[in-house]
């Protein structure tokens, strides 16, 4: 997979160049379709003073130019034919699609919850048959927002029954011309047994008392909350501890403040803590069910403070996927690195199967410290890192002989071709080459298309790449 540059190429083929390419294709056919024979591209006689590398290079570039011309002509022809087929599909094909299949298509292409039901409204206005299908598909109307007019909310609740609901309290809160939070809650509260995803963004403490006590949410799988007013923190913590019951909670995202979950959450698997307020929740809570933990350090907070917050708030004995991200250019102190290495720390690095490190804040030392602690890592993602890949010798990435199966580098603009060459060499020479599955490199500015083409054969089909062009 790669991105080709959209260079301007001629639209007329030379007869000689075309004949030369046809000869190449005939050799490929005679070779059983295999392209790994260097002789298929250039069939000059043995070196006799008249043919050499420059002649071969000239022939290869001619073939490339011819193929670009053919590709351009092919793409120009595809566009009108594709448009014609699209029109036929809309006019004839869609009419023959069974209602059940069309419903599945509409649900599968439904926009994320933050977009509300705008797409569903648009679909219902396409034609009479689409409107009939849309109104018979409860999942298309399952998002209700405090921003919406109260009459619209009531209609969506009616259309969505009995599907699980996504409840959204966006920020900022509605203006006085919109229904108040209290009225909105009164309308949706009778449907709390259907709440599946709850997204709350608190800016005013007036919101908290409006929640009934206690609130039973038997289907709640996802809870996202954000708090943007320090004065609301105490009330919000109280709300989290005493007013929501979530036995089925699977995913938890806490923006700027993390509530201490006192109730049993035996199904909780995913926790994401972005931009968190560095205020410990108290003694560390043990969450044996959590398998994925994501921590993102936002502007204004030091990494040490945030990791200290993590150490004091969590114990994650069965964690297998750890994600650490930075939104500001700072790094972890040596004291914190030492603390992270402690066997009683919250992150069980030795048993992690997947880890990602992203953002400009991380450094060689942090990345290598994390890798040194890992023993079973199968998947590693590094995104937006600065200062190159690792040390010049690739450090613990190769020294520990990690059983990596997938290594992904995304938007790592300081990574050089020399580093990737060394990485490829050590991957191939390591003991786990047979089980290694994929090296994925995406949009790293110093790595060009020509470079990737030179190492594709060495990677034996295990390289997936995309340039920034």
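The values are calculated or read from the model by the stated rules, or taken from the named source; none is laboratory data. Nothing here was measured: the structure is a model prediction, and the numbers come from that model. Heads up, the Cβs are rebuilt from the backbone with ideal geometry, glycines too, and the neighbour counts pull from every protein chain shown.
The number of residues in region 325-370 that are in contact with a helix residue (DSSP H, G or I) (Cβ under 8 Å, 6 or more places away or on another chain) and modelled with pLDDT of 75 or more comes to 5.
Do we have residue 63 as surrounded by 12 or more Cβ atoms within 10 Å (Cβ to Cβ), part of a loop (DSSP other than H, G, I, E, B) and either modelled with pLDDT under 85 or more than 32 Å from the chain's Cα centre (by Cα) (or both) here? It is false that residue 63 is surrounded by 12 or more Cβ atoms within 10 Å (Cβ to Cβ), part of a loop (DSSP other than H, G, I, E, B) and either modelled with pLDDT under 85 or more than 32 Å from the chain's Cα centre (by Cα) (or both). When you scan region 168-188, do you find a residue that is part of a strand (DSSP E or B) and either at pLDDT below 85 or crowded, with 19+ Cβ neighbours inside 10 Å (or both), even just one? Yes, region 168-188 has at least one match. If you go through region 189-207 and keep only what is surrounded by fewer than 19 Cβ atoms within 10 Å (Cβ to Cβ) and either assigned to a loop (DSSP other than H, G, I, E, B) or at pLDDT below 85 (or both), you end up with 190, 191, 203, 204, 205, 206. Quick check on my filter: what residues within region 1-33 are under 42 Å from the mean Cα position of the chain (by Cα), modelled with pLDDT under 85 and over 21 Å from residue 449 (Cβ atoms)? Across region 1-33, the qualifying residue is only 11.
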